[in-house]
Structures are given as C-alpha cells and as structure tokens.
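Only the coordinates and a few stated rules stand behind these numbers; no lab work does. All of these numbers come straight from a predicted model, not from anything done at the bench. No Cβ is skipped: glycine too gets one built from the backbone with ideal geometry, and neighbour counts run over all protein chains shown.
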C-alpha cells in the first residue's frame with residue numbers, strides 16, 4: 001500500500017546509501033503488488049479501456065477518470081427515471097415512494113441533490129388520478145407547515 005500513498009522515490013545510483021536502495025526496492029515491490037491487486041479486481045473487458053501504467057497510483061487515477069463519465073451517465077438515468085416514473089398500481093404506494101426516495105438519495109450521494117419539495121412534487125405527479133384526494137391533502141399539509 002506504500003506505493004498508493006507515496007510518490008515513487010528516485011531510482012538508486014552508485015552514490016545511493018543502502019537504506020535508499022532498500023527503500024526503493026520496498027516501494028517497487030509495493031507498487032507491483034498494488035498493480036496486481038488493482039488489475040485483478042477489474043474485469044478484463046473494462047481493463048482494456050484503461051490506459052496502462054507501471055505506477056499503481058497513476059493507474060488508479062486512470063481508473064477513476066474512466067468512471068467519472070459513467071457516474072454522470074448514471075446520474076442522468078436516475079434523473080430521467082424520477083421525472084418519468086409512474087406508480088404501477090401493483091406494488092404498494094409506500095414501496096413506490098421509497099423507490100423514488102432511494103433514487104433521490106443516490107443522486108444526493110453524487111452531489112446532485114433534489115430538494116424535498118421537488119421530490120414530493122415528482123412523487124405526487126407519478127400517482128394516478130385516483131389518488132387525487134391524497135394529493136390535495138398532501139399539498140394542504142405542506143402549506144400549513146410552511147405558513148401563509
């Protein structure tokens with residue numbers, strides 16, 4: 001793990017001390033081990049699109065860069081689902097609300113928070129017309145809480 005926390009030391013030369021040479025060898029071993037663990041933890045199909053590097057810290061940065069775009073695409077998908085999701089009438093209303101809240105929490109973890117008011121609005125618009133009285137009561141309750 002030393003290779004992930006510490007930048008690579010200079011390669012030893014004829015004037016290097018035994019300690020410097022030993023430290024460099026320890027770092028090289030740590031770097032090899034880290035690279036091996038990282039690469040073996042990634043699917044081969046994904047590994048092919050990540051630029052190769054002999055430095056574990058740099059390789060990990062490449063992996064991070066590769067997935068930044070993927071997380072933006074995932075956030076876009078979640079936003080689209082929240083906007084277009086409709087209650088199916090089969091599962092319970094509570095499950096539907098929890099599913100919408102879960103999507104909102106996932107967006108929040110990606111620094112794309114949806115305010116509670118908007119979430120309530122999205123949930124209300126996802127309900128069919130038969131839930132009209134429920135919608136009216138919810139709106140009235142919110143207005144009472146927020147004041148005139």
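Remarks
- Sorted by Cβ neighbour density within 10 Å, fewest at the top, the residues 45, 53: 45, 53
- Relative exposure of 115, 30, judged by other C-beta atoms within 10 Å (fewest first): 115, 30
- Summarising the label geometry, the points placed 7 Å from Cα in the beta-carbon direction at residue 41 and residue 106 lie 2.2 nm from one another.
- Net length available on complete extension from residue 121 to residue 97 is 7.5 nm, with 0.36 nm assigned per residue and the Cα-Cα distance removed.
- Helix 56-84 axis versus longest C-alpha principal axis of the chain: approximately 10°, rounded to the nearest ten.
- Structure-based [θ]222 nm, the chain - -39500 (n - 2.57) summed over DSSP H runs of at least 4, per residue, nearest 500: -22500 deg cm²/dmol
- From the alpha carbon centroid of the stretch 88-128 to that of the stretch 25-46 is 40 Å.
- Given R0 = 35 Å, the distance between the Cβ atoms of residue 27 and residue 72 translates into a calculated FRET efficiency of 0.50.
- Using a Förster distance of 25 Å, the FRET efficiency for residue 79-residue 6 (Cβ separation, nearest 0.05): 0.05
- When P(r) over Cα pairs in 10 Å bins from 0, in percent is calculated for this entry, the matching label among [x] 9, 24, 19, 15, 13, 12, 6, 3, 0; [y] 12, 40, 32, 14, 2; [z] 10, 26, 17, 11, 15, 14, 6, 1, 0 is [x].
- Tilt relative to the chain, helix 132-146 - C-alpha long axis, 0 to 90 degrees, to 10: 70
- Against the main long axis of the alpha-carbon atoms of the chain, helix 93-109 sits at an angle near 40°.
- Among 129, 70, 14, residue whose mean-square fluctuation peaks in a GNM of the chain (springs only between Cα atoms under 10 Å): 14
- Exposure proxy order (Cβ contacts within 10 Å, fewest to most) of 96, 121: 121, 96
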